[in-house]
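One structure is given here, and the rest of the page talks about it.
Read-outs throughout are calculated quantities, based only on the coordinates presented, and are distinct from any laboratory measurement. These numbers were taken from a predicted model, which means no experiment stands behind them. Don't worry about glycine lacking a Cβ; one is built from the backbone with ideal geometry, like all the others, and counts go over all protein chains shown.
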Amino acid sequence: MKVRTRFAPSPTGYVHIGNLRTALYNHLFARHHKGTVVLRIEDTDRERHVPGAMEHLILILEQVGLDYDEGPGKDGPFGPYIQSERSAVYQDHARLLVEKGHAYYCFCSNERLGALRAEQKEQKAISKYDRKCLTLSSAECDERLKKGERAVIRLRIPDNEVITFEDSIRGTISVHSNEIDDQVLLKSDGMPTYHLANVVDDHLMEITHVIRGEDWIPSTPKHVALYRAFGWVMPVFAHVPLLLNPDKTKLSKRQGDVSVEDFLAQGYLPQALINFIALLGWNPRSDQERYTLEELIELFDISKVNKSGAVLNKEKLDWLNHEYLLGITDKEFIAHAEPFLKSKAYAFPAGFKNFAQWARVEKQRIKKMNEVGEETRCLFIEPTFENPSLLVWKKSTQEKTVVILAELEVFFDSLPEHDILDDKLLEEHIKQWIEEKHFERGDVLWPLRVALSGAERSPGPFELAALLGKKVVCGRIHNARVLLA
RNA sequence: GGCCCCAUCGUCUAAUGGUUAGGACACCACGCUUUCAAUGUGGGAAUCCGGGUUCGAUUCCCGGUGGGGUCACCA
């Protein structure tokens, strides 16, 4: 049997990182088994419909490199893949269940249902529909429907049974049917609820494995009852653990970033993000920390997914992203950095050529792209010296520093540009010069670095000089000396 | 509250019926060093509790406790 999985998000306007992980696991599982991935849009809630959300979602999937075989924008034998375009299918199936006696029309008003719920809550009873409309004759139903009365169709959950299903991650799960509510299948607006649409589509689209979040476990028995009512074979279920806030509650927007677009906007690399979330709840039993998507596909095993939820540890993501940053080429790094620099209005000086040097310095010092440019700020913005005494090293004096800055200016003036643009070469030259002059390293290197950066903390003087070039270096040393003198 | 799920360092996790319970992030110390990073070396840090099975349990079973999820004409 060919494996078919599906990613079935509801288009709410942004992609939750937890949903991305679910999508990833569906993807890894299907690709591992040489199967098919279906993207299905679950947009049956008209009130929550967000225009453009689907297109946005597809774009995000593309950005993180998760492709799919069937779905919106792609042909496939089981379309359409947008549920709002399939209402007739669900209506037919709901009516079929009514005919078979597995479902029934319900005319109860929201007011009555609300009151019922309130009463049950007060009596600490199970919150369930009381089946008032179950006994309505079909003639009466027809008549009321003909009159235009609004109705829903409810699933008739069988009495006094234990409903059981196998979960590839958790084993056997069973619930007594008397605990389960007669779920609404078809809403009064003619749209299906998640439960109906999901089961009908999974069956019709021949989905073999349903991989979804743990929060669906409580409603899975309803789905099982539905499969039985239809007389269909069930797919394999796998409920993956939730992603958690630091306080262990379900990952929420309130407690930090949860949307994939936020993570991307902060400058996490897609590969790093994928690598990171893949390992949140699953791991291939090895000490390796970095995996390509291909490796993940090769190693993925749904039965080895953990049962307990995983707190999203941002520090580790930062570390991993830094690792990925170190791994990409200078060219890639610059391409990624460009939009971030632009948004800060940081432009390279005219004629700037030492991009490799710049990438090397930045890569080493930042965790994610939105930090880009801060470490080499002095390349983009002329430093100001509010406090020139910063130029004096803690073990040195102002007089000494003024003299050294003057000497440095002469020294740099004597060096060919080429020797300045190579930080390693420059370091050799300067260290040799310091020895010859019998200076203290700190007496020279601290003021040089501050003169170039204007900052208390910055990359080293050689790295900065190589970035700035001879003319700017000489100019800044000169300015510093004048300021201090 | 009912139902369901879960339980190894602070966090992500590995392992086993017998181990000094392993790795990673974070943290701390030291080294390098002109600052801050990066980096190198080292360190502290966990099997929720109570029974049972067993020669032996962190691992298997039961109970407790704790945490979470879910109880819509949302998905």
(request) Using a cut-off of 11 Å between beta-carbons, work out the net charge of the residues near A:Asp189 (Lys and Arg +1, Asp and Glu -1, A:Asp189 not included). (result) +1
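Equivalent ellipsoid semi-axes for chain A, as square roots of 5 times the alpha carbon gyration tensor eigenvalues: give them largest first, rounded to whole Å. Show your work: numbers first, answer last.
Details: eigenvalues 862, 95, 77 Å².
Semi-axes, largest first: 66, 22, 20 Å.
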(request) Quick one: angle between helix A:194-204 and the longest Cα principal axis of chain A, in degrees between 0 and 90, rounded to 10, please. (result) 90 degrees
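Based on the Cβ-Cβ distance of A:Asp69 and A:Ala347, what FRET efficiency does E = 1/(1 + (r/R0)^6) give at R0 = 41 Å, to the nearest 0.05? Let's see the in-between values first.
Working: r = 43 Å, r/R0 = 1.05.
Efficiency for this residue pair is about 0.45.
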(message) For chain A, what does the helix formula give at 222 nm: sum of -39500 (n - 2.57) over DSSP H segments with n ≥ 4, over the residue count, nearest 500 deg cm²/dmol?
(response) -14000 deg cm²/dmol
(message) Rounding to the nearest 10 and keeping the result within 0 to 90°, find how far the Cα-based axis of helix A:87-99 lies from the longest principal axis of chain A.
(response) 40 degrees
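For the range A:194-334, what is the relative contact order in percent, using Cα pairs closer than 8 Å and at least 6 residues apart in sequence?
24 percent
So for each of A:136-149, A:202-215, A:153-166 I average, over its residues, the number of other beta carbons within 10 Å; can you give me the resulting order with the highest mean first?
A:202-215, A:153-166, A:136-149
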(message) As I understand it, the value is the acute angle between the Cα axis of helix A:110-122 and the longest principal axis of the Cα atoms of chain A; what does it come to in degrees, rounded to 10?
(response) 80 degrees
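Run the numbers for A:Lys424 and A:Asn306: contour at 0.36 nm per residue of separation, minus the present Cα-Cα distance, in nm. Let's see the in-between values first.
On the way: separation 118, 0.36 × 118 = 42.48 nm, distance 4.84 nm.
Additional length available on full extension: 37.6 nm.
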(request) Run the numbers on the range A:72-207 and let me know its relative contact order in percent, using alpha-carbon pairs under 8 Å that are six or more apart. (result) 28 percent
(request) Quick one: check the C-alpha center-to-center distance for the range A:219-277 versus the range A:97-129, whole angstrom. (result) 29 Å
(request) Net charge near A:Ala356: determine it from the other residues with C-beta under 13 Å of the C-beta of A:Ala356, scoring Lys and Arg +1 and Asp and Glu -1. (result) -1
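Calculate the FRET efficiency for A:Leu134 and A:Glu298 from the Cβ-Cβ distance with a Förster distance of 51 Å, rounded to the nearest 0.05. Let's see the in-between values first.
Working: r = 52 Å, r/R0 = 1.02.
Plugging the Cβ-Cβ distance into 1/(1 + (r/R0)^6) gives 0.45.
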(request) With a Förster radius of 45 Å, plug the Cβ-Cβ distance of A:Val403 and A:Ile328 into 1/(1 + (r/R0)^6) and report the FRET value to the nearest 0.05. (result) 0.55
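For A:Asp247 and A:Ser219 in the same chain, what is the full-extension length gain: residue separation times 0.36 nm, less their Cα-Cα distance, in nm? Present the calculation step by step, with values, prior to reporting the outcome.
Working: separation 28, 0.36 × 28 = 10.08 nm, distance 2.52 nm.
Gain on extension, A:Asp247 to A:Ser219, equals 7.6 nm.
With +1 on each Lys and Arg Cβ and -1 on each Asp and Glu Cβ, and nothing else charged, work out how big the dipole of the range A:371-444 is about its Cα centre, in Debye to the nearest 20. Display every interim value, and only then the final one.
Details: 8 positive and 19 negative charges, 82 e Å.
The dipole of the range A:371-444 has a size of about 400 debye.
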(request) Within the range A:91-125, find all residues whose amide N lies under 17 Å from a label point positioned 7 Å from the Cα of A:Ser188 along Cα-to-beta-carbon. (result) A:104-117
(message) So for chain A, averaging the separation of alpha carbon pairs under 8 Å that are six or more residues apart and normalising by length, what relative contact order in percent results?
(response) 13 percent
(request) Would you calculate the separation in nanometres between label points at A:Arg48 and A:Asn110, each defined as 7 Å from the Cα along the Cα-to-beta-carbon direction? (result) 1.5 nm
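Which entries in A:Lys250/A:Lys314; A:Lys222/A:Lys248; A:Lys331/A:Lys353 show an alpha-carbon gap greater than 19 Å? It would help to have the intermediate numbers written out before the result.
Working: A:Lys250/A:Lys314 16 Å; A:Lys222/A:Lys248 27 Å; A:Lys331/A:Lys353 13 Å.
From the list (A:Lys250/A:Lys314; A:Lys222/A:Lys248; A:Lys331/A:Lys353), the Cα-Cα distance tops 19 Å for A:Lys222/A:Lys248.
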(request) Sort by residue number and report every cysteine in chain A with no other cysteine beta carbon within a distance under 4.7 Å. (result) A:Cys108, A:Cys141, A:Cys378, A:Cys474
(request) Taking the Cβ of A:Pro11 as the centre, find all other residues whose Cβ is under 14 Å away and add up their charges (Lys, Arg: +1; Asp, Glu: -1). (result) -4
(message) Antiparallel versus total DSSP beta bridges in chain A: what percent is that, nearest 5?
(response) 50 percent
